[in-house]
Amino acid sequence: MKALAVVHQRDAGPGVFAEEMRERGVDLDEWLLSERGTGPGLEIAEYDAVLTFGGAMHPDQEDRHPWLRFEKDFLAAMIDDGMPLMAVCLGCQLLADAAGGSVRRASEPEIGWCEVEVTPEGKSDPVIGPMAPAFTAFQWHSYEAVPPPGATLLARSPVCAQAYRVGDRAYGIQFHAEVTLADADRWIDDYRSDEDAVRIGVDPDVLRSETRERMGEWNRLGRELCGRFLDAIA
């Protein structure tokens with residue numbers, strides 16, 4: 001199997017998903033889409049799956065990040081072609097937009113460890129179902145994805161949709177199942193660059209302590225989620 005990871009910033013890549021994929025013998029290419037002059041290693045049709053990840057930018061900031069428009073169009077084409085997709089955080093929001101849903105500022109940011117409930121439909125999903133009835137997820141977002149008509153809502157928090165499926169093989173997850181401890185530490189160190197994190201009073205010391213306590217188990221769950229996605233599309 002060959003997979004493409006679309007990355008928007010260097011400290012928000014495929015993380016433990018990459019570890020799981022490489023352990024399973026998946027050839028994983030990373031495409032840093034935000035840097036001009038870069039491209040995937042192969043023709044897109046040669047990949048068996050595309051994954052897209054997070055970033056500090058917001059999906060409505062096309063004026064600052066023109067490549068966002070390109071990625072929305074790219075994901076729409078991938079959906080039309082039946083490409084298996086796994087879209088995380090910013091990627092989840094871009095996928096919703098590309099599929100005919102929408103993106104909006106959430107009623108409140110979710111930054112840190114938040115409770116997520118699996119929906120009745122999610123309980124029977126091969127990727128999200130084993131996480132039922134609920135789980136505590138690492139999050140860092142101020143916008144939310146509104147899944148398109150016909151999508152299956154798989155999980156939600158009190159704030160927003162947390163996982164959905166478009167068709168049978170395109171998944172959006174708002175939570176950071178892929179994040180490593182090293183990347184989370186960098187985000188926490190840089191929390192002041194996120195005006196929403198400052199506004200809601202994120203305590204970096206408390207968040208760092210909780211993250212270090214929880215991350216080992218969270219990474220296990222993240223790798224398992226990635227593995228189930230690979231099994232579902234095989």
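The values are calculated or read from the model by the stated rules, or taken from the named source; none is laboratory data. Predicted model, so just to flag it, every value in this text is computed and none were measured. Please note: Cβ atoms are built from the backbone with ideal geometry, for glycine as well, and neighbour counts cover all protein chains shown. Side chains are part of the model used for accessible areas, which takes the heavy atoms of the whole protein and leaves out ligands, DNA and RNA. Shrake-Rupley method; radii C 1.70, N 1.55, O 1.52, S 1.80 Å.
The table below lists the values:
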| quantity | calculated |
| --- | --- |
| Residue list for region 19-49, filter: under 17 Å from L225 (Cβ atoms), free of Cβ contacts under 8 Å to residues at least 60 places away in the same chain and surrounded by 14 or more Cβ atoms within 10 Å (Cβ to Cβ) | L28 |
| Residue, nearest to M57 (Cα to Cα), within region 82-92, restricted to residues that are out of contact with any Leu (no Cβ under 6 Å at 6 or more places or on another chain) and open to solvent by less than 10 Å² (accessible area, probe 1.4 Å) | L90 |
| Some residue of region 143-156 being touching a Cys at 6+ places or on another chain (Cβ under 6 Å), farther than 20 Å from L51 by Cα and either open to solvent by less than 40 Å² (accessible area, probe 1.4 Å) or not in a loop (DSSP other than H, G, I, E, B) (or both) | no |
| Region 78-122, residues that are outside any loop (DSSP other than H, G, I, E, B) and of a type in the set (G, A, S) | A87, G91, A96, A98, S102, A106, S107, G112, G122 |
| Looking only at region 203-234, and only at residues there that are within 16 Å of A184 (Cα to Cα) and small (G, A, S), the one that is farthest from the chain's Cα centre (by Cα) | S209 |
| Among the candidates L75, L51, residue that is farther than 29 Å from G201 by Cα, in contact with a strand residue (DSSP E or B) (Cβ under 9 Å, 6 or more places away or on another chain), at pLDDT 95 or above and assigned to a strand (DSSP E or B) | L51 |
